[in-house]
Structures are given as C-alpha cells and as structure tokens.
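These notes concern the structure reproduced below.
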Amino acid sequence: MQRPTDAAYSMYAYKHVIDLIDRYQPDVLWNDIEWPDFAKRDGEYSLAALFDYYYQKVPHGVVNDRWGKNTHSDFETSEYQYMSESENALAWENCRGIGLSFGYNQVESEEHSLSVAGALRHFLDIVSRGGNFLLNVGPTASGQIPEIQRKVLTGLGDWMAIN
C-alpha cells in the first residue's frame, strides 16, 4: 500500500488536522502513518507549521513519533511487540488492542485476546519501565464493547481501584 506524498494531499491533510485542533484542542496529537513528504520542509502547509500551530493552540499538548523519520515528537511509541527500540526513549508509550485488531473483529475470540491476568502483566511491565500504556478497545457498529473486551477492562479497573 502506497501512502500519498504529493502536495495536494499534504495540504488536504494539513487542513483536516488544523480543523481537529481548532474544534477539539487534543492533548495528544497522534498520527499513525508517516506524513506526506511534501510537508517535510519549511513554510506554509509544512509539518513544522502544523506543530507550531498546535502548540500555540494547545501549549500543554504532546506529539507522537509517527509523522516520519527525523520529524519532531514529544514521545515515542511501540505497538504490541514491534518498535520496541522506542521503549528506551525518555518518554514512550506502548499501544495495543485487547485482541489482535484495532477495531471490532467478530472472529476474534478469547484465544486471540489478552486475559485479565495477561493485560495486567503487560500493563505492569510497561509502567514499571517508565512507559505509558494505551489499550485499544473495538466497539461493535452499535457502540457496544464486546464481552471479551469488557471483562478485561473491568478486571484492570478493579485492580486499579485497589492499587
């Protein structure tokens, strides 16, 4: 799969992120695929201009590391067991789903998912090494959290309420 790199797409994406910043002032500006190459320069519609705008609107905000090589970030990310070299950074976060998907997957069962004990072990490993843990859930089309995922979230919440 090719990612768009041209100027037209870059400007389109830039305007969308500006709109998100204006509407929601997100504490975390999270990108998940590399940003278009056209924006990796100085000037209008550049990634540098986008970050400047973001920090003007959200001075306490932070930016993740998924904008491309040699671009600014406030923290690094790993995903499941991938990109684990990021876990040596000063500020980092591990993200993963309860199952193997980042969305609802009707064929995932308990064998594909973390148990409460497994999620707790993963959480404790991450935070004991100074990281943050981002745990994704995938609701159904009607907005319901599947029972497998609800059980894990409830178990983690019960543990956290005590500890």
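Between the stretch 35-58 and the stretch 74-98, what's the alpha-carbon centroid distance in Å? First find each Cα centre; the distance between them is then 23 Å. Dipole check for the chain: with +1 at the C-beta of Lys and Arg, -1 at the C-beta of Asp and Glu, and the Cα centre as origin, the magnitude is about 160 Debye. Straight Cα distances below 19 angstrom link K69 to the lysines K40, with same-chain residues fewer than 8 positions distant left out.
Neighbours of N88 by Cβ distance under 12 Å: Lys/Arg scored +1, Asp/Glu scored -1, total -2. Heavy atoms of the protein chains alone define the surface here; on that basis the stretch 57-163 has 59 Å² accessible area per residue at 1.4 Å probe size.
Select from the stretch 11-75 those trypsin sites (Lys or Arg not before Pro) which occupy a DSSP coil region and have at most 10 other Cβ atoms within 10 Å, ordered by residue number.
Those that pass, being in a loop and sparsely packed, are K69.
Candidates H112, F123, Q149 compared by Cα position along the dipole of the chain: farthest toward the positive end lies Q149, with charges placed on Cβ. Near I126, once Lys and Arg are set to +1 and Asp and Glu to -1 for all other residues with Cβ below 9 Å from its Cβ, the sum equals -2. Among the trypsin sites (Lys or Arg not before Pro) found in the stretch 100-163, those both in a DSSP coil and sparsely packed, with 12 or fewer other Cβ atoms within 10 Å of their Cβ, are R129. Helical runs assigned H by DSSP (4 residues or longer) give the chain a calculated mean residue ellipticity at 222 nm of -11500 deg cm²/dmol, each run adding -39500 (n - 2.57) before division by the residue total. When both bridge partners sit in the chain, DSSP labels roughly 10% of those beta bridges antiparallel.
The values are calculated or read from the model by the stated rules, or taken from the named source; none is laboratory data. Here the structure is a predicted model, which means the values were calculated and not measured. Counting neighbours? That spans all protein chains shown, and the Cβs are built from the backbone with ideal geometry, glycine included. SASA here: full protein model, heavy atoms, side chains in, ligands and nucleic acids out. Shrake-Rupley method; radii C 1.70, N 1.55, O 1.52, S 1.80 Å.
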